[in-house]
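Notes follow once the structure below has been shown.
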Amino acid sequence: MATQTKRSRFLQQAATHLILVVFALISIFPIWQVLNISLRPGNQLLSTSLELLPANATFQNYVKLFAERDFLVWLGNSAFVSLTVTLSGVVFASMAGYGFSRFRFVGKRAGLLSLLTTQMFPGTMLLLPMYIMLIRLGLINSYLGIVIVYSATALPFCIWTMKGYYDTIPVSLEEAARIDGCTHFSAFYRIILPLAAPALVITALFSFMSAWSEYIVAAQILQDTDLWTLPIGLKSFEASMSTEWGLYGAASIIVMIPVVILFLALSRWLVSGLTLGSVKG
Amino acid sequence: MNTDRTKSFIAFLVVPSFLLLAAVVFYPFFYNLMLAFGNMNLAKMRDWQFIGLRQFIKIFTEPSQPDFYEVFVRTIIWTVVNVTFHVTLGVFLALLLNQKIKGKAIYRTLLILPWAIPQYIVALTWRGMFNYEYGSINLILTKYLGMPAVEWLRSPTEAFLACIITNVWLGFPFMMVVALGALQSIPHELYEAAEIDGASWWKQFRNITIPLIRPVMIPAITLGIVWTFNNLNIVWLVSNGGEPSDKTHILVSFVYKAAFNFYSFSYAAALSLVIFLILFVFSMIFMRQSKATEAAY
């Protein structure tokens, strides 16, 4: 009897590992593909073999990317846009989320509902009017336009996340601070904000990712190649009849690595930040 | 009720965000509303007029290329298939990860990867993998599984299936992470008590796990449905703008094409509004319905 349950437990464990390994492989597969393509020498780009690493693996695509293409310009543009969006996202969301979590005021319910409603807007509903307005204002090729659009589109979700997290922090903490003579602002800034670090991290991550990975809006607003962000640049490798797979692969790996590392490093907070937000939301 | 000081603090907290949102979200929303009742296109940028409901009548009654109802049905299929897979795979993997097993952290990390990669890279990479001659999907099918190669990107059904496969791949980690968080918050004693009472695995799953992860999953699923319904990136980039011959469009990619390839601004604005209303009504009903069933537990 005892050996039988032991055996069935072993089988169960083995099956669990098997399934997890299969899914892990499926998750890695496309990344391995991109890496593989990026390392292929020029004459093997259209190879039909499925080796782990290509024969004669080389970094020439990476070198070419920096030496012959505007990749550095795109990288700089994307970094600038994404960091600006992140900074404004964290500042605005941490403040507004706190307001919604702690105070009662006229229009609070309507405000929260309208934030939720923005999540249902199809992208085109904001993009099209913005596009027409930017044409009329002559701002079609500008960072200002795109930074504002990105900040605002990520903001509602970030405010909800922050609000949800603040809701889990006991109000008694500020009340104690207020009795000790703290102002509203210093109670918020010195006591609550540090406790909300996990949610701040999530907010920063989402703002950054949304700007770093956005193609659809950028493709319409940034038409001048000097202003291109990474997504438009990478798509351009694939745009013409002959796709430059090697360059595309190399660029993808470089673009992907920082966000993947960031994402995985923060994944511990991802679970708590997101679920607490949605439980209390 | 609030003192003046508190009032100005609240204003300090909330007003900046709402000014930003007013400029970039609410103002365009109303502008879009106005456009939807007009006849603006590239030729009539400045001298457009209000023409009432004519754009909406056009959407619902006039034949279009591609057909509105066909695209609508495809969008429903797209959303249902994707979200079903996201939730089942997500919850299933979360259940596996919630056991005591070796290498849990590594598995979790690897399984989150599809979520971590920028969507447009996912889309373009999968598009490459679906290439008929050189794509790895066909190579695996023909070399290792002995199946015939599939014309992924050149025939409508297969191209749409390619979009779905890509989107399923990229969407399950979100549900997995949410489900895992919910599972971890279930007190262990509940399962121990059920074990003592002799409840089977299935009974425990139905009567403990599902009801307890429900309050977390319902908002996540609602969000998932809305995001999937509106996911322009994947369809646009995997099928390269609705290819072949506009047979893979979902509603948002259809609007995007009408707006930025054909410059039918008012028509696109009206269609955007229709999409928004569909989602708005759906979310209200869905959330209310699930609140009602939640109360029944």
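Since every read-out is calculated from the coordinates, none of them should be taken as a lab result. Keep in mind it's a predicted model, so treat the numbers as computed, not measured. Reconstructed Cβ throughout: ideal geometry from the backbone, glycine too, with neighbour counts over all protein chains shown.
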| task | Specify whether the C-alpha gyration tensor of segment B:1-118 places it in the rounded, prolate or oblate class, a ≥ b ≥ c being the square roots of the eigenvalues: rounded for a/c under 1.5, otherwise prolate if a/b is larger than b/c and oblate if not. | result | oblate
| message | Using Cβ contacts closer than 10 Å as the measure, can you line up B:HIS86, A:HIS184, B:HIS188 from fewest to most? | response | B:HIS188, A:HIS184, B:HIS86
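Treating the beta-carbon of each Lys and Arg as +1 and of each Asp and Glu as -1, no other charges, what is the dipole magnitude of segment B:53-296 about its Cα centre, to the nearest 20 debye?
Here the size comes out at about 260 debye.
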| request: Check cross-link reach from B:LYS58 to the lysines: straight Cα distance under 30 Å, and skip same-chain residues fewer than eight apart. | output: B:LYS44, B:LYS247, B:LYS257
| said: Please check: in the Gaussian network model of chain A (C-alpha springs, under 10 Å), which one of A:MET256, A:MET209, A:MET120 has the largest mean-square fluctuation. | reply: A:MET120
| Gaussian network model of chain B, Cα springs within a sub-10 Å range: biggest mean-square fluctuation belongs to which of B:TRP152, B:TRP201, B:TRP169? | B:TRP201
| query | Excluding B:TYR132 itself, what net charge comes from residues whose Cβ is under 11 Å from its Cβ, given Lys and Arg +1 and Asp and Glu -1? | reply | -2
| message | How shielded is A:91-101 by partner chains, expressed as the average number of their Cβ atoms within 10 Å of its Cβ atoms? | response | 4
| Mind checking which helices in chain B clear 30 Å along their axis (Cα) and have mean Kyte-Doolittle hydropathy of 0.5 or more, DSSP H runs only? | B:68-97, B:156-184, B:265-296
| note | Proxy exposure order for A:TRP269, A:TRP228 (fewest C-beta within 10 Å first) is A:TRP269, A:TRP228
| query | When a footprinting reagent is the concern and you count Cβ atoms within 10 Å, what order do B:PHE286, A:PHE188, B:PHE260 take, fewest first? | reply | B:PHE286, B:PHE260, A:PHE188
| task | Can you give me the span-like helices of chain A, meaning DSSP H runs with 30 Å or more of Cα extent along the axis and Kyte-Doolittle mean at or above -0.5? | result | A:2-38, A:71-102, A:143-167
| task | Among the lysines, select those whose C-alpha is under 29 Å from the C-alpha of B:LYS7, and discard any that sit fewer than 8 residues away in the same chain. | result | A:LYS108, A:LYS163, A:LYS280
| note | Whole-Å distance linking the alpha carbon centroid of segment B:225-297 with that of segment B:21-72 is 15 Å
| Dipole in debye (nearest 20) - the protein assembly as shown, about Cα centre, beta carbon charges: Lys, Arg +1; Asp, Glu -1 | 1060 debye
| message | Over chain A, with a Gaussian network built from C-alpha contacts below 10 Å, which listed residue (A:ALA250, A:ALA14, A:ALA196) shows the highest mean-square fluctuation? | response | A:ALA14
| query | For A:LYS64 and B:GLN289, FRET efficiency with R0 = 60 Å and r from the beta-carbon atoms, rounded to 0.05? | reply | 0.60
| said: If each DSSP helix of 4+ residues adds -39,500 (n - 2.57) and the sum is divided by the residues in chain B, what number results at 222 nm, nearest 500 deg cm²/dmol? | reply: -22500 deg cm²/dmol
